[in-house]
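A.B. asks: Before I ask anything, here is the structure I am working with.
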Amino acid sequence: QVQLVESGGRLVQAGGSLRLSCAASGIMFRMYDMGWFRQAPGKQRELVADITRGDTPNYADSVKGRFTISRENAKNTVYLQMNSLEPEDTAVYYCSASRYGTSYWGKGTLVTVSS
């Protein structure tokens with residue numbers, strides 16, 4: 001059974017930092033592209049960042065220079081370091097694992113940024 005479990009979301013003030021973690025089980029983690037998505041109230045889910053199995057990152061323009069995605073294959077975990085947080089970053093953040101058109105999703109972790 002595939003499980004992706006996100007953690008690290010909480011209330012933080014604007015300008016602050018958070019690190020989200022996503023622990024994966026039930027997949028051969030190192031073979032998967034991993035991603036972080038977010039969904040704000042009333043908005044569609046959007047890509048925040050992803051990282052290929054070859055360790056190549058990609059970022060949404062809105063988070064470039066502020067967020068960093070990384071992976072630790074030995075721990076089956078992907079991270080999202082978020083700095084200089086803005087109220088517009090408030091959302092539920094979801095982890096995904098993708099390979100050959102198949103995707104798995106976590107249940108999400110809530111990040112709230114107060115102004």
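The values are calculated or read from the model by the stated rules, or taken from the named source; none is laboratory data. Fair warning: this is a prediction, and the values are worked out from it, not measured in the lab. Cβ: placed from backbone, ideal geometry, glycine included. Neighbour counts: every protein chain shown. We work out accessible area using only protein heavy atoms, side chains counted, and drop any ligands, DNA or RNA first. Shrake-Rupley method; radii C 1.70, N 1.55, O 1.52, S 1.80 Å.
A.B. asks: Considering each residue of the stretch 86-100, count those that are of a type in the set (F, W, Y) and either part of a loop (DSSP other than H, G, I, E, B) or over 16 Å from the mean Cα position of the chain (by Cα) (or both), and give that number. I'd like the intermediate steps shown before the answer.
C.D. replies: So the first thing to find is which residues in the stretch 86-100 are of a type in the set (F, W, Y), and the list is 93-94, 100.
From what is left, the residues that are either part of a loop (DSSP other than H, G, I, E, B) or over 16 Å from the mean Cα position of the chain (by Cα) (or both) are 100.
Summing the residues that are of a type in the set (F, W, Y) and either part of a loop (DSSP other than H, G, I, E, B) or over 16 Å from the mean Cα position of the chain (by Cα) (or both) in the stretch 86-100 gives 1.
A.B. asks: Is it the case that K64 is basic (K, R) and more than 20 Å from E86 (Cα to Cα)?
C.D. replies: Numbers: basic (K, R): yes; more than 20 Å from E86 (Cα to Cα): no.
It is false that K64 is basic (K, R) and more than 20 Å from E86 (Cα to Cα).
A.B. asks: Which of the residues belonging to the stretch 68-104 are touching a residue at least 60 places away in the same chain (Cβ under 8 Å) and of a type in the set (D, E)?
C.D. replies: E86
A.B. asks: Let me ask something else about it. Of all residues in the stretch 9-34, count the ones that are farther than 17 Å from W105 by Cβ and open to solvent by 30 Å² or more (accessible area, probe 1.4 Å).
C.D. replies: So the first thing to find is which residues in the stretch 9-34 are farther than 17 Å from W105 by Cβ, and the list is 10-19, 28, 30-31.
Remaining after also requiring open to solvent by 30 Å² or more (accessible area, probe 1.4 Å): 10-11, 13-15, 17, 19, 28, 30-31.
Residues in the stretch 9-34 being farther than 17 Å from W105 by Cβ and open to solvent by 30 Å² or more (accessible area, probe 1.4 Å): 10 in total.
A.B. asks: Going through the stretch 46-65 one residue at a time, which ones are of a type in the set (D, E) and on the phi > 0 side of the Ramachandran plot? It would help to see each step written out before you state the result.
C.D. replies: Applying the first criterion (of a type in the set (D, E)) to the stretch 46-65 yields 46, 50, 55, 61.
Hit for the stretch 46-65 is D55, nothing else.
A.B. asks: If you don't mind, there's one more thing I want to ask. Taking S98 as the residue in question, decide whether it is at pLDDT 95 or above and surrounded by 14 or more Cβ atoms within 10 Å (Cβ to Cβ). Give the derivation first.
C.D. replies: Working: at pLDDT 95 or above: yes; surrounded by 14 or more Cβ atoms within 10 Å (Cβ to Cβ): yes.
Against the criterion (at pLDDT 95 or above and surrounded by 14 or more Cβ atoms within 10 Å (Cβ to Cβ)), S98 qualifies.
A.B. asks: Taking the condition out of contact with any Cys (no Cβ under 8 Å at 6 or more places or on another chain), outside any loop (DSSP other than H, G, I, E, B) and surrounded by 14 or more Cβ atoms within 10 Å (Cβ to Cβ), does S103 pass? Outline the logic, then answer.
C.D. replies: Details: out of contact with any Cys (no Cβ under 8 Å at 6 or more places or on another chain): yes; outside any loop (DSSP other than H, G, I, E, B): yes; surrounded by 14 or more Cβ atoms within 10 Å (Cβ to Cβ): no.
Taking the combined requirement at face value, the residue does not satisfy it.
A.B. asks: Taking the stated definitions as given, is Y79 assigned to a strand (DSSP E or B) and either among the β-branched types (V, I, T) or open to solvent by less than 20 Å² (accessible area, probe 1.4 Å) (or both)? Before the answer, list the steps.
C.D. replies: Details: assigned to a strand (DSSP E or B): yes; either among the β-branched types (V, I, T) or open to solvent by less than 20 Å² (accessible area, probe 1.4 Å) (or both): no.
No: the conditions fail for Y79.
A.B. asks: Those residues that are surrounded by 13 or more Cβ atoms within 10 Å (Cβ to Cβ), over 19 Å from G108 (Cβ atoms) and charged (D, E, K, R), I need them from the stretch 47-66; list them, please.
C.D. replies: Across the stretch 47-66, the qualifying residues are R53, R66.
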